[in-house]
Amino acid sequence: MNMQRTTKVKWGSLKIGVVLIIAISIMFWASLSGGGTSIFESKQKFVCYFQNVNGLVPGSPVWMSGVEVGNVKSVKFVNIAPDKQVELVCRLKNEVWDRMTKNARVQLGTIGFLGDKYVEVIPGIDGGTPIANMDVVPTKDAGTAEAVFVEAKNSLSDVRSVVNNVDSLLSRMNRGEGTLGKIATDEKMYENMTLLLEKLTVLTSDLQKNQVRIVESLEETSDAMGSIMAKVDDNSGTLGKLVNDPKLYDNLANSTASLDSILFKMNAAQGNLGMLVNDTALYSEMTDLMARMNSLIEDIQNDPRKYFKFSVF
């Protein structure tokens, strides 16, 4: 009886161990083949070709827009063309399959320079016709790992060159060379700049004060003009009288009439001014007189003894 009981206990423990081994094996297989997706989730497949997969292995994740949506099912050599040396079969969730249209593309990615490899899916246009299961998706050349390291090396060289230039610039500044060096080391430059800033501050303050005074002057001028216009409207002062008193207009009208009468009489040869303006006899006599005077002066100049006699004794 004791021997049978011991045998049953050992067999029960063995069954539990077998179940645990099977469960661990399933979980291990799921971790390798399913990636971050469920092994029980329905998926569809597509095919893509690469020249070099840079260490990509089955079970590597497939990402779309930074989200894991599937995994790599198989990796094998096919040697179809120089750029189609390795064939990948990738599985993708059904929920994102509608974005796998004819213009979708795939490329390889790396998490860091030495990190894990993954397949990046660049989705197509929304609303397009999805591809069929096991269709070939064109690849977008993202460059090999070697090219990435070469570019990184070149970038580091460029960064090193920039750092060296900055270091050389800072060294020159510390030695007081160049304009920046003078500004950084010359105290007189600092004092002059400080003084200039103070003067600019004072100038700005004065400009603001002048602006206030100008605005106040304009307001005073506007008030004065308003007062003058009010006086004009009230018929006050000389300007008000000039604008509103009709006597000034009447006086101007009478003066104009009188002047017009005088001019009329002059044109009609009435009165002394009229005779002076219109009588040509006076003009003729004045012309004859001027001619005689010119003749007399010329004769005196030619023979002054005829008119002037000089005697010493």
Exercise for review: Considering only residues that are among the charged types (D, E, K, R) and part of a strand (DSSP E or B), look in the range 71-94 and name the one that is surrounded by the most Cβ atoms within 10 Å (Cβ to Cβ).
Suggested key: Arg91
Check your understanding: In the range 95-118, how many are touching a Ser or Thr at 6+ places or on another chain (Cβ under 8 Å) and outside any strand (DSSP E or B)?
Key -> 2
**Study point:** Residue among Gln85, Gln4 that is at pLDDT below 95 and under 30 Å from Asn103 (Cβ atoms)
**Key:** Gln85
Point to revise | Count - residues of the range 53-70 that are in contact with a Leu (Cβ under 9 Å, 6 or more places away or on another chain) and either part of a strand (DSSP E or B) or among the acidic types (Asp, Glu) (or both) | key: 4
Check your understanding: So how many residues does the range 111-144 have that are polar (S, T, N, Q) and either modelled with pLDDT under 80 or buried (at least 17 other Cβ atoms within 10 Å of the Cβ) (or both)?
Key -> 2
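The values are calculated or read from the model by the stated rules, or taken from the named source; none is laboratory data. Quantities reported herein were computed from a predicted structural model and do not represent experimental measurements. Neighbour counts run over all protein chains shown; Cβ positions are idealised from the backbone, glycine included.
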